[in-house]
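For reference, the structure is listed below as structure tokens.
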Amino acid sequence: MAEPLRALRRGLDRASGFALYFAIVKTPAQRNQLITLLGEAMPGVKLQTVTIGKDANDILDEIQKQLGGNISGPVMIVGLEDVLSSDTRSHPILNSLNLRRPDWPQQVPQPVVFWLPEYLLGLFARSAPDFLDWRSDTLHFPDTELAQFKNLQSATWGGGLDTQMATVARLERIKELESRVLANEHNPDRIIRATVATWLNELGLHFMLFSRNQEALDCFQKALSMVNELGDKRGIGTVFGNLGIAYSNFGDIRKAIKFHEQALAISRETGNRFAESQDLGNLGNAYKNLGDPRKATEFYEQCLKLHREIGDRRGEGTDLGNLGVVYAELGNAHKATEFAEQHLIIAREISDRRGEGSALHNAGNAHADLGDKRKAIKFLEQALAIFREIGDRRGEGYILGDLGTVFADLGDTRKAFEFYEKALMSSHEIGDRRMEGYAMWNSALALSQLGEHERAITRAESALEILEALEEPYAAKARAELASWRAAKP
């Protein structure tokens, strides 16, 4: 689906005057979605649509009538399927296409795209062959459900990224964004440059989900250069926030905090309360990753207060969940359970399935800390079912790993190993290197307990390589544990 659209966009970009394209689609709904996506992919270019009605006899006349001679961008011709049926043998529209062929370049100095069902292309070949010979290209779009357009659409969700997107679709979206950036990054138009900065931000977020952190950082730095050049304060704040997340992934939490603080200052200066809530949450996450749960709590509480003031119930639930996590790290499993349950109530009230899954996940971990392993398993299994239902592979992977840990605590090492293997498989499929590293390390621990020392060492070596590459704090402990295994090896 993406490649024909890219080919059409490239053709329209290159055309300096009249050019003729035929786009073959299955349904009007698919056609309309594709035209919308084509417009998004060509910022600064005005797509003009001409709808052919049943009383039309000449398409050139309809173009002049509907556009009033103001033809300033590529012309999309739609609606011919309502005029010409599959058994049409002759029609004034078809006759005029051949007769008036020489008039098209003079009267329409822009590329033209005819959006047609397959049968109309055959009708053109029979009844307007001379006109059809002028085509630059014919693009065939396969039968596609609207949901499958996701890889061409923006994947932003709640200020971040839609984590339900399948790996194949996300990789396709990355290709689409790279193609759009390449085609437009040197265009001096301000609107286009602002749009390219938005694409770079999204591209960077996708790269982070695949742990391609340097590529993400490069995208954010390019975006920052563009928004600085444009003097776009809000855009600068957005990029600062993304740079903060990127540096957190590199393990440079101090640098991340500086970027989040700058982003917070901008969101407050511009009065962007939604962005302010994101920045507060990001600062909470950064301090949690720094190992300062008390400081993280301060920011999560500010974020919670703001979300309640602006009436963002989803955000409120997320904050309660984050507070539960930091209280768990502070050793207060009872408080962690309370916050997880409050998050669960809100998520169910607003039908937030992802939030519900997250709350159940946190509740499961909290009950595990309280020593109630059976209750923990019950919550984690409910969370796992939800994440599978909504297609959140990342969340599914982390829950599989936590289930493995609970079974390990129960002494069922074989069962724990099975869950770690499932988490490892999930991490491979979605390209999450961090999850892969920890799942691999946990499976090494299980293998060691099962007496399979050779396999445990091999698995631990692979895990350590990943954790060190990602500069994970746990890498030092893993390195020491691996050294002890090697020393004990007969």
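The values are calculated or read from the model by the stated rules, or taken from the named source; none is laboratory data. The structure presented is a predicted model; accordingly, all values stated were derived computationally and were not measured. Backbone-built Cβ (ideal geometry, glycine too); neighbour counts: all protein chains shown.
When Val50 is tested against (1) surrounded by fewer than 16 Cβ atoms within 10 Å (Cβ to Cβ); (2) within 14 Å of Val113 (Cβ to Cβ), just one condition goes unmet, and that condition is (1). Checking each residue in the stretch 280-295 for being more than 21 Å from Arg308 (Cβ to Cβ) and buried (at least 24 other Cβ atoms within 10 Å of the Cβ) picks out only Ala286.
If I go through the stretch 201-242 residue by residue, how many of them are within 17 Å of Thr270 (Cβ to Cβ) and basic (Lys, Arg)? The number of residues fulfilling the criteria is 2.
Checking each residue in the stretch 205-225 for being of a type in the set (Phe, Trp, Tyr) and either under 11 Å from Leu243 (Cβ atoms) or surrounded by fewer than 19 Cβ atoms within 10 Å (Cβ to Cβ) (or both) picks out Phe210, Phe220. Selection of the stretch 296-326 for residues being of a type in the set (Ser, Thr, Tyr) and crowded, with 23+ Cβ neighbours inside 10 Å yields Tyr300, Thr318.
Just one of the listed residues (Arg314, Arg268, Arg308) is closer than 20 Å to Gly355 by Cβ and either over 25 Å from the mean Cα position of the chain (by Cα) or at pLDDT 95 or above (or both), and it is Arg308. Can you spot a residue in the stretch 438-452 that is assigned to a helix (DSSP H, G or I), modelled with pLDDT under 95 and surrounded by fewer than 18 Cβ atoms within 10 Å (Cβ to Cβ)? Yes, the conditions are met somewhere in the stretch 438-452.
Scan (1) modelled with pLDDT under 90; (2) more than 27 Å from Asn213 (Cα to Cα) for the single condition Leu410 breaks and write down its number. Evaluating Leu410 over (1) modelled with pLDDT under 90; (2) more than 27 Å from Asn213 (Cα to Cα) leaves (1) as the failure.
Looking across Val113, Val83, one residue alone is among the aliphatic types (A, V, I, L, M) and under 30 Å from Thr195 (Cβ atoms). It is Val113.
All of (1) of a type in the set (A, V, I, L, M, F, W, C); (2) in contact with a His (Cβ under 9 Å, 6 or more places away or on another chain); (3) surrounded by fewer than 14 Cβ atoms within 10 Å (Cβ to Cβ) hold for Ala29 with one exception: (2).
What is the residue count in the stretch 1-37 for residues that are in contact with a Phe, Trp or Tyr (Cβ under 6 Å, 6 or more places away or on another chain) and either more than 21 Å from Val108 (Cβ to Cβ) or without any contact (Cβ under 8 Å) to a residue 24 or more places away in the chain (or both)? The qualifying residues number 3. Taking (1) closer than 29 Å to Ile191 by Cα; (2) touching a residue at least 60 places away in the same chain (Cβ under 8 Å); (3) of a type in the set (S, T, N, Q) in turn, Ser267 satisfies each apart from (2).
Is it true that some residue in the stretch 14-30 is modelled with pLDDT under 85 and within 33 Å of the chain's Cα centre (by Cα)? Yes, the stretch 14-30 has at least one match. Lys415 meets the conditions (1) over 28 Å from Tyr247 (Cα atoms); (2) in contact (Cβ under 8 Å) with a residue 24 or more places away in the chain in every case but one. The failed one is (2). Among the numbered conditions (1) more than 28 Å from Leu171 (Cβ to Cβ); (2) of a type in the set (A, V, I, L, M, F, W, C); (3) crowded, with 22+ Cβ neighbours inside 10 Å, the only one that Leu482 does not meet is (3). Would you check which residues across the stretch 246-289 are out of contact with any Gly (no Cβ under 9 Å at 6 or more places or on another chain) and basic (Lys, Arg) and list them? Hits for the stretch 246-289 are Arg254, Arg268, Arg273, Lys288.
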